[in-house]
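The values are calculated or read from the model by the stated rules, or taken from the named source; none is laboratory data. All values derive from a computational prediction rather than experimental measurement. All Cβ positions, even for glycine, are placed from backbone atoms using ideal geometry, and neighbour counts span all protein chains on display. For accessibility, only protein heavy atoms count, side chains too; no ligands or nucleic acids. Shrake-Rupley method; radii C 1.70, N 1.55, O 1.52, S 1.80 Å.
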Amino acid sequence: MKLKKQVTVCGAAIFCVAVFSLYLMLDRVQHDPARHQSGGNFPRVSGSGTQGLGSWAVALSPPSTALGPALTARGERPLLSAPACSLQHTWSLGWQMLAVASVLPFDNQDGGVWKQGFDITYEPHEWDTEPLQVFVVPHSHNDPGWIKTFEKYYADQTQHILNSMVLKLQEDPRRRFIWSEISFFSKWWDNISTQKRAAVRRLVGSGQLEMVTGGWVMPDEANSHYFAMIDQLIEGHQWLEKNIGVTPRSGWAVDPFGHSATMPYLLRRANLTSMLIQRVHYAIKKHFAATHSLEFMWRQTWDPDSSTDIFCHMMPFYSYDVPHTCGPDPKICCQFDFKRLPGGRINCPWKVPPRAITEANVAERAHLLLDQYRKKSKLFLSKVLLVPLGDDFRYDKPQEWDAQFLNYQRLFDFLNAHPSLHVQAQFGTLSDYFDALSKRTGIVPGMKPPGFPVLSGDFFSYADREDHYWTGYYTSRPFYKSLDRVLEAHLR
Ligand SMILES: [Zn+2]
C-alpha cells in the first residue's frame, strides 16, 4: 500500500516535470523568431537587450563620413552599427522593421532646433566637386473629406486651386506643381471648358504638372482592406489614362497615419518606380536619418529576390508643411513660406515672419536658406535634394501662387548666379527629383542605386510627437468599417 503511494507520487512528479519542460520548449520556440520562421529572412538581432541599445546609440550619433556606416561587400548598409561579427550574416538582408523597432529606445531626447533629431553640421567645401541640386516641389494636400465635406472643400478651395494652377503654371515654364487626388480632379474636370482641358494636357505633357500616385484618394494604409486600396488606385489610373493619357510614375503619400508594406507592392505592380512617405514614427525617422537610410529599396518580407522592390524616399522631419521641409530648423524654414508674409491670415508660430525677397535682402536670405538645404542634404546619400513646398489646401488664392513662385524664383536666380555656392536650385515635380537622383547615381529609374539600403516591413504604429500614438482610429467606428467591407465585397 505504502509502495503504491510512493510510485503514484513519483509518477505524478515526473509527469509534472515533463509537462513543464514541454511548455518551456514550446514557449522558447514561439518567442524565438529565428526558429519560428525557419529558413525565412527574419532578422537575427543577436546579443542581449543592452548590447542592442548600445549599438543603436552608436548608430544614432551624427555620422562622421558622407556615407555613414561602412558598406558591406554587396554594397548594402548594415542592420545596425554593431560589431561586425554579430550581425554580418544579416547585413545583406538590409533593414527589417521589426528588428529596428525592437532595439530603438524610443527615449524622445531633445535634439535642439530639430527637436526630434540631432544637430547637423557640414564643411562649407563639401559641394565643391559635386554641386547640390535642389528641387523645390510645390504641392497642395486636398483631403476628400475631413473638417468639411468633399463638396464643401471643392466649392471653397479645390476648384480655385486647380483654376489658378492652369493660369499660374502657364505664366512661367520653369514653374512646377504636383497633384494626387483624382476624386477632386475629375470633379473639376467635369466643370471646365475644352480649352482649359487642353491646357492641362499640355502642362502634363511638358512636365510642368505631374499627377502623383494617381489614386482616387490618398488612402489610409492601416485599416483599409487591400482590395479597397487596389480599387481606388484602378479608378484613378483609368480616369487619368482616359482623360489625360498619362500613367503615374511616382507615389506621394504625405498624410496616411503610418505606412503599410502593401502600398509599395501595389504601386510597383501598377508600374510606379519610386514613392515617398511622410508619417513615420519620429524615433524611426531619427534612426534612418542618422544612418543615411531615409532612401531605400522597399522589399516585401516574403520576396527573396528584388522583383517587387520599389525605391522609397522617407521625409525626415515632423510634417509636410513648409516649416518642416526646407531643413532641420522650423523657425528658419517658416520664414520661407511666403503665404505667411505679414498682413496675411496665417503667421509663423516661431515668431520670426517671412520677408519678401528684394534686391537688398536676397543675398542674406539665400544664404540662410542654403544653410538649411545643406543641412538637410547631409541626411541623404546623394547630393540631390527634395524640398516639398506646400500644405493642406494650399494655393487656393492667386496671390499665394505669386508670393511663393516669385519669391522663390528670386532666391533661385541668386543662388544659381553664384558658382562659388555650388548649388543649382529650381522648381521640380516629384519625378524630376527621382530622375535627377537616378542620373546622379548612374541607374535607370526604379533600380537600386549603388550603396543604398534595402528595407522590409512597415511603419506602424505612428506617433508624431511624444506619446501621441495614432492608433485610436484602428478600433473606432466599427459600424462604418463593417459597412465598408460589405460594400466592397459587393463591388468585387
Ligand atoms: Zn489628409
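When CYS85 is tested against the conditions (1) modelled with pLDDT under 95; (2) open to solvent by 10 Å² or more (accessible area, probe 1.4 Å); (3) under 29 Å from SER461 (Cα atoms), the lone failure is (3).
Within this structure, ALA261 fails the test of being more than 25 Å from LEU386 (Cα to Cα), open to solvent by 10 Å² or more (accessible area, probe 1.4 Å) and not charged (D, E, K, R).
For region 242-257, check the following and say yes or no: at least one residue is within 16 Å of the ligand (Cβ to nearest atom) and in a helix (DSSP H, G or I). Looking for residues that are within 16 Å of the ligand (Cβ to nearest atom) and in a helix (DSSP H, G or I), one finds none in region 242-257, hence no. Among the residues of region 143-160, those that are within 14 Å of the ligand (Cβ to nearest atom) and buried (at least 17 other Cβ atoms within 10 Å of the Cβ) comprise ASP143, PRO144, PHE150, TYR153, GLN157, THR158.
Filter region 261-284 down to the residues that are within 16 Å of the ligand (Cβ to nearest atom) and not hydrophobic (A, V, I, L, M, F, W, C) and list them by number. Let's see the steps before the verdict.
Initially, region 261-284 is screened for residues within 16 Å of the ligand (Cβ to nearest atom), giving 263, 276-280.
Once the filter is applied, which keeps residues that are within 16 Å of the ligand (Cβ to nearest atom) and not hydrophobic (A, V, I, L, M, F, W, C), region 261-284 yields GLN278, ARG279.
In the set (1) surrounded by fewer than 19 Cβ atoms within 10 Å (Cβ to Cβ); (2) touching a His at 6+ places or on another chain (Cβ under 9 Å); (3) not polar (S, T, N, Q), the condition left unmet by ILE192 is number (2). Within region 376-393, residues that are more than 18 Å from TRP252 (Cβ to Cβ) have Cβ atoms under 9 Å from residues that are open to solvent by 10 Å² or more (accessible area, probe 1.4 Å) and within 16 Å of the ligand (Cβ to nearest atom) in no pair, counting only partners at least 6 apart in sequence or on another chain. Listed here are the strands (runs of 3 or more DSSP E) enclosed by region 380-471 that have at least 1 residues being open to solvent by less than 10 Å² (accessible area, probe 1.4 Å) and within 16 Å of the ligand (Cβ to nearest atom): 384-392. For region 331-364, what are the residues that are under 21 Å from LEU421 (Cα atoms) and surrounded by fewer than 21 Cβ atoms within 10 Å (Cβ to Cβ)? Those that are under 21 Å from LEU421 (Cα atoms) and surrounded by fewer than 21 Cβ atoms within 10 Å (Cβ to Cβ): ILE332, THR358, GLU359, ALA360, ASN361, VAL362, ALA363, GLU364. Checking each residue in region 211-236 for being of a type outside the set (Phe, Trp, Tyr), free of Cβ contacts under 8 Å to residues at least 60 places away in the same chain and not in a loop (DSSP other than H, G, I, E, B) picks out MET211, MET229, ILE230, GLN232, LEU233, ILE234, GLU235, GLY236.
Just a yes or no: is a residue in region 352-375 under 26 Å from the mean Cα position of the chain (by Cα), under 23 Å from SER206 (Cβ atoms), in contact (Cβ under 8 Å) with a residue 40 or more places away in the chain and more than 16 Å from the ligand (Cβ to nearest atom)? Outline the logic, then answer.
Residues of region 352-375 that are under 26 Å from the mean Cα position of the chain (by Cα), as a first pass: 368-375.
Still in the list and also under 23 Å from SER206 (Cβ atoms): none.
No, the conditions are met nowhere in region 352-375.
Counting only residues that are open to solvent by less than 40 Å² (accessible area, probe 1.4 Å) and not hydrophobic (A, V, I, L, M, F, W, C), which one in region 124-142 is farthest from the ligand (Cβ to nearest atom)? Break it down into steps so the answer makes sense when it comes.
In the first step, residues of region 124-142 are kept if they are open to solvent by less than 40 Å² (accessible area, probe 1.4 Å); the result is 127, 132-142.
Retained after the next criterion (residues that are not hydrophobic (A, V, I, L, M, F, W, C)): 133, 138-142.
Numbers: GLN133: 29, PRO138: 17, HIS139: 12, SER140: 11, HIS141: 6, ASN142: 8 Å.
Out of the qualifying residues, it is GLN133.
Would a scan of region 290-305 turn up a residue that is on the phi > 0 side of the Ramachandran plot and open to solvent by less than 10 Å² (accessible area, probe 1.4 Å)? Taking every residue of region 290-305 in turn, at least one turns out to be on the phi > 0 side of the Ramachandran plot and open to solvent by less than 10 Å² (accessible area, probe 1.4 Å).
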